[in-house]
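> What follows is a structure written as structure tokens; I'll ask about it next.
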Amino acid sequence: MTAIFRTPFFIFLTLVLSNAFQSLLYSEVHPYVNLGRNVFDSLKTQDFKKFFNQSVFSLTETEFRTFLLNIRNQDIRNHLTDLHKLPFPEDANTTQKKWDIVFAHNWRKEWRHLNRNTNGMVKSESFMPLLHGAEKYSFQWQTVELLKVEVLLPLTWQNGRFELKRDLDLSEFEQDPRTIFVDRRVQYRIKPDKSTYSKALMIGTITEDSESLIKANILGNGSGQGDIILNFPFARDAPLYYFCPDQKGVGGEIIIKDFMDYDKPNQRHDLLLTMAFGNPVKYFQIQLKDVLIVGEDALFFGRPEWIGEVNLPSGILY
């Protein structure tokens, strides 16, 4: 008699759901990557409307009001609070109460300032300069390839410690101001400047312990030369730590979050779009400035910059 072995239904269902979850997990696209791709496509097809829709100028008044009211970014709130000239009442004794007053008095002013940028201004000052930059290299956009969309994290040495570009979380959450938040499923490029010369940045699982240095999902970790590339496929419950093996107290925590996890500051980031074109192939970059998450999407708030021709950056294969 031939035995027929059947997988119990609940085990079969678990396997199906697990495979479906894994497929969904790896098919997710970070909003930053979507933004970079959309901007690239708008240039490739010379579609200004699509380009415009990736910018802060595409927001309606209601969308802008909601975004600004709920912005989880202490640096942005502090900037607008500093511009507020009216005295605060005595009972405005918390940063949140002060923000409520600042927002109520100033959000329309910020909206009017934003709304003064007409479509024509955005096209002439942001869209066309990128196309003109490409024209100098005789770009044939149909054959240009987008290789990578990355978050740029400049690294400097200031006041005796490492400084990575970041915005602070709201003060009521009491985060260590040295903490760096990164998302999974998007590549980060830590770019040291000359001030960090002879000071190697390391990332490990234990603070200030070079033996805990990790190389999985990190390129150039601890080398002391060139860029450091981070690209984590999963969030982590435990933080990582950035530090210098030769000096104490110069780093902080790195917390890796899911990009759909909103329990973190909404930081301004610059994105690098790296492209390939020509025969022999050459490499070019565009920088999208002050990118923020708005709802479930990412929009650029600053004026994009045509960087031009570059060497193929480390961590990008072609």
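> Quick one: order 210, 138 by neighbouring beta-carbon count within 10 Å, fewest to most. Please report the intermediate quantities before stating the final value.
Numbers: 210 14, 138 8.
Exposure proxy ranking, most exposed first: 138, 210.
> Could you please rank 108, 184, placing first whichever residue has the fewest other Cβ atoms within 10 Å of its Cβ?
Values: 108 13, 184 21.
Least to most surrounded, the residues fall as 108, 184.
> For the chain, count all C-alpha to C-alpha pairs, find those more than 36 Å apart, and express that count as a whole percent of the total. Numbers along the way, then the final one.
Working: 14851 of 50403 pairs.
Summing the P(r) tail past 36 Å for the chain gives 29 percent.
> Once you place label points 7 Å from the Cα toward the Cβ at residue 47 and residue 258, how far apart are they in nm?
3.0 nm
> Sticking with this structure for a sec: What is the fewest-to-most order of 94, 156 by other Cβ atoms lying within 10 Å of their Cβ? Let's see the in-between values first.
Values: 94 11, 156 15.
By the 10 Å Cβ count, ascending, the order reads 94, 156.
> Further, regarding this structure: Rounded, prolate or oblate: which one fits the stretch 200-318, using the alpha carbon gyration tensor with axes a ≥ b ≥ c (rounded when a/c is under 1.5, else prolate when a/b beats b/c, else oblate)? The partial results should precede the final answer.
Numbers: a/c = 2.16, a/b = 1.30, b/c = 1.66.
Oblate, because a/c is 1.5 or more while a/b does not exceed b/c.
> Give me the Kirkwood hydrodynamic radius of the stretch 155-257, using the inverse of the mean 1/r over all pairs of distinct Cα atoms, in Å to one decimal.
Values: mean 1/r = 0.0720 Å⁻¹.
Here the Kirkwood hydrodynamic radius works out to 13.9 Å.
> Follow-up question, since we're still on this one. Using a Förster distance of 41 Å, how high is the FRET efficiency between residue 197 and residue 309, based on the Cβ-Cβ distance and rounded to 0.05? Walk me through the numbers on the way to the answer.
Numbers: r = 25 Å, r/R0 = 0.62.
In this case the efficiency is close to 0.95.
> Set the Förster radius R0 to 25 Å, insert the Cβ-Cβ distance between residue 206 and residue 93 as r into 1/(1 + (r/R0)^6), and round the FRET efficiency to 0.05. Could the numbers behind the result be given before it?
Working: r = 40 Å, r/R0 = 1.59.
For residue 206 and residue 93, the calculated efficiency is 0.05.
Just so you know, all these numbers are worked out from the coordinates, no wet-lab data involved. Predicted, not measured: the structure shown is a model, and the values here were computed from it. Backbone-built Cβ (ideal geometry, glycine too); neighbour counts: all protein chains shown.
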